[in-house]
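Note sheet for the following structure.
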Amino acid sequence: MSKQPNFIARHEELPLKNNSTSLFLQIMVGIAVFLFAVTLSGVLAINTMLQNWNESILGSLTVQIMPSTDVNPEKAAAETIAHQNKALDVLRSLSFVEKADPLTDKQLEKLIQPWLGDGIAIDDLPVPRIIDVKLKRNVDIDFMDLAYKLAQATPMASVDNHKLWLNKLIQFADGIKILALSILALVIMITSGAIFYTTQTSLGLHKYTIEILHQMGAKDTYVAQQYAKRSAILAFQGGVVGLLIAIPTIFGIASLAHQIEGGIIGEAKLSSLDWLSIIGLPAFAAIIAMLTAYYTVKQTLQKLM
């Protein structure tokens, strides 16, 4: 009694290696992985940036001491420092304040340098004094009460807890994330569509070969597995090429961002786990291609055969 051929264990009954759609599939997946990698790096970097903002900015506040308006510069500077010391005494007495330090003249000069240029002497200008306040974690703060206590100590003090402008920045960053995630979803849809198209085209090219395999006992699952395996290999190859192009592009964008010294974009960085996610994109593309090709073949053959 002759044994039925085991089509699952055999390979290359379908001449898929010479398929004219293979190059098209590789190019499409390569472009998709390139776009996916660059966009994904942006989303991950924004997540890191938001996390850093929450940790560093929301855990701090700034107290500004307006300069004295006395016509005598030396007396005005002394009065401003006196108001600053009164505010420091209040801040350091509060239970939720971990640390309160006034900015030095050099730090103030660095802050105003982008607007006034180099060589600016703080003593020659009515520059407000700034107190950087580090808050303790997980404490509820009544900012109205804080502002009242500072006003009682010195009318020259004002509080900025950063929440107003930070919320606007977070809304802006969230909008960029939504746009980026929409692009990622669109890239996946286009890639799946390209795989569907190339698989359908290949099925038409090998229609008679598939019919012969069916007559010999091959199941739809076997044909689908052949296409799934081949599509996964092509997608992985194309994905690797796309990734190799994307990585220097990401570093180029990061280099441009780092040129903005002291800017908020400097907080946008990629961790080791983020890079693992990006490097794994060719494998992700291979899985998408494999599943799309498999179910495309299964559904198509069930309708045609």
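The values are calculated or read from the model by the stated rules, or taken from the named source; none is laboratory data. Keep in mind that this is a model prediction, so the values were computed, not measured. In this analysis, Cβ positions are derived from the backbone assuming ideal geometry, glycine residues included, and neighbour counts consider all displayed protein chains. Surface areas here come from the heavy atoms of the whole protein model, side chains and all, with no ligands, DNA or RNA. Shrake-Rupley method; radii C 1.70, N 1.55, O 1.52, S 1.80 Å.
Here are a few things to note about the model shown:
- By the Kirkwood approach, averaging reciprocal distances over each pair of separate Cα atoms, region 25-96 gets a hydrodynamic radius of 17.1 Å.
- Judged by the ratio a/c of the largest to the smallest principal axis of the C-alpha gyration tensor, region 67-155 counts as oblate, that ratio being 1.5 or greater while a/b is no larger than b/c.
- Annotation: extensible slack from residue 275 through residue 295 equals 4.1 nm (criterion: 0.36 nm per residue apart, minus Cα-Cα distance).
- Fully extended contour minus Cα-Cα distance, from residue 27 to residue 139, at 0.36 nm per residue: 34.9 nm
- Entries of 99/149; 86/149; 99/269; 110/136 with Cα pairs more than 20 Å apart: 99/269; 110/136
- Rolling a 1.4 Å probe over the protein heavy atoms gives region 67-155 an accessible area of 69 Å² per residue.
- Cα centroid separation, region 137-206 to region 56-115 (Å): 32 Å
- Simple label model, 7 Å out from Cα along Cβ direction - residue 167 to residue 253, nm: 3.0 nm
- Mean separation of Cα contacts under 8 Å, 6 or more apart, over the residue count of region 67-155: relative contact order %: 38 percent
- Annotation note: GluC sites (Glu not before Pro) in region 56-114 located in DSSP loop regions with a Cβ neighbour count of at most 11 within 10 Å are absent.
- Net charge, residue 95 excluded, C-beta distance under 14 Å - Lys, Arg +1, Asp, Glu -1: +2
- Sorting 258, 83 on solvent-accessible area from highest to lowest, probe radius 1.4 Å, gives 258, 83.
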